[in-house]
Amino acid sequence: MAGEAPELSAQERAGKAFPVSWDQFHRDCRALTWRLNEVGPFHAVIAITRGGLVPAAIVARELGVRVIDTVCIASYDHDKQGELQVLKGISDAAMKLGGGTGKGLLIVDDLVDTGKTGKLVRKMLPDAHFATVYAKPMGRPLVDTFITEVSQDTWIFFPWDTALSYHPPLRDGAA
Ligand SMILES: O=P(O)(O)OC[C@H]1O[C@H](OP(=O)(O)OP(=O)(O)O)[C@H](O)[C@@H]1O
Ligand code: HPA
Ligand SMILES: [Mg+2]
């Protein structure tokens, strides 16, 4: 409608930025595996795509897990969250390994924000262990193990979504 303020994206609403480098992400994933090593062993890792693929590969490598499955969910169109769409469910083979309820399975994602994605996957695998690298307060209760909590008004910029670019000096008006 004319005159109406355009809807702010989740990223714009977040306000604060938390950029993560590859180095930092790798270190945080390794820290996550130290914690998960106390909880396992796990029969399989279930990555929530696409963001969960990167930490899942690192975690599976560290924990010596070779069976990796995906649950493919689309929700954010860049930074606006819409209806969740399950594009691919968990495979029958992984379901069987988890006894139908996810027992002994490890679900991995890069982060929980509102918790909507995590809630949906937890419903599919109620007895699985759910791990994320980062957690915001709304989604935190859904996660069993995570490494770093960031405030709800922070947007996390992952290394695969960003590139090195010029940043003006603070005195020239950089935020
Ligand atoms: O807790 P929520 O508010 O549900 O948000 C968290 C989810 O959002 C992002 O995925 P996204 O849907 O953007 O897809 P992608 O992993 O393919 O980038 C992120 O990787 C989590 O899976
Ligand atoms: O803070 C975030 N960063 C990147 N992707 C996301 N998807 C939901 N929240 C975020
Ligand atoms: Mg995701």
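No value in this document is a laboratory result; all are computed from the given coordinates. The structure displayed is predicted, hence computed values, not measured ones. Cβ coordinates were reconstructed from backbone atoms using ideal geometry, including for glycine residues, and neighbour counts include every protein chain displayed.
Can you give me the long-range amide H partners of A47? Hydrogens built in the peptide plane at 1.01 Å from N, cutoff under 5 Å, separation of 5 or more residues or another chain.
Sorted by chain and number, the residues that satisfy this are D69, T70, V71, V108.
Given points 7 Å out from each Cα along the Cα-Cβ axis, report the L164 to F18 separation in nanometres with one decimal.
Result for the modelled spin labels: 2.5 nm.
Is there a quick way to get the dipole size of region 23-108? I mean about its Cα centre, with the Cβ of Lys and Arg at +1 and of Asp and Glu at -1; what is the value in debye to the nearest 20? Show your work: numbers first, answer last.
Details: 10 positive and 9 negative charges, 51 e Å.
Using Cβ point charges on Lys, Arg, Asp and Glu, region 23-108 gives about 240 debye.
Remind me, relative contact order of region 36-175 in percent, using alpha carbon pairs under 8 angstrom and six or more residues apart?
Numbers: 235 pairs, mean separation 27.2, N = 140.
Relative contact order here is 19 percent.
If you look for lysine pairs in the chain that are eight or more places apart or on different chains, how many of them have Cα atoms under 17 Å apart?
Step by step, the pairs that qualify in the chain add up to 13.
Can you give the Rg to Rh ratio for the chain, taking only C-alpha atoms and Rh from Kirkwood? Mind dumping the intermediate values first?
Working: Rg = 17.4 Å, Rh = 17.1 Å.
Computed over Cα atoms, the ratio is 1.02.
Please determine, in degrees from 0 to 90 and to the nearest 10, the orientation of helix 22-37 with respect to the longest principal axis defined by the Cα atoms of the chain, where the helix direction is its Cα long axis.
Between helix and principal axis, roughly 30 degrees.
With a ≥ b ≥ c taken as the square roots of the eigenvalues of the C-alpha gyration tensor of region 23-73, please select rounded if a/c is under 1.5 and otherwise prolate if a/b is larger than b/c or oblate if it is not?
oblate
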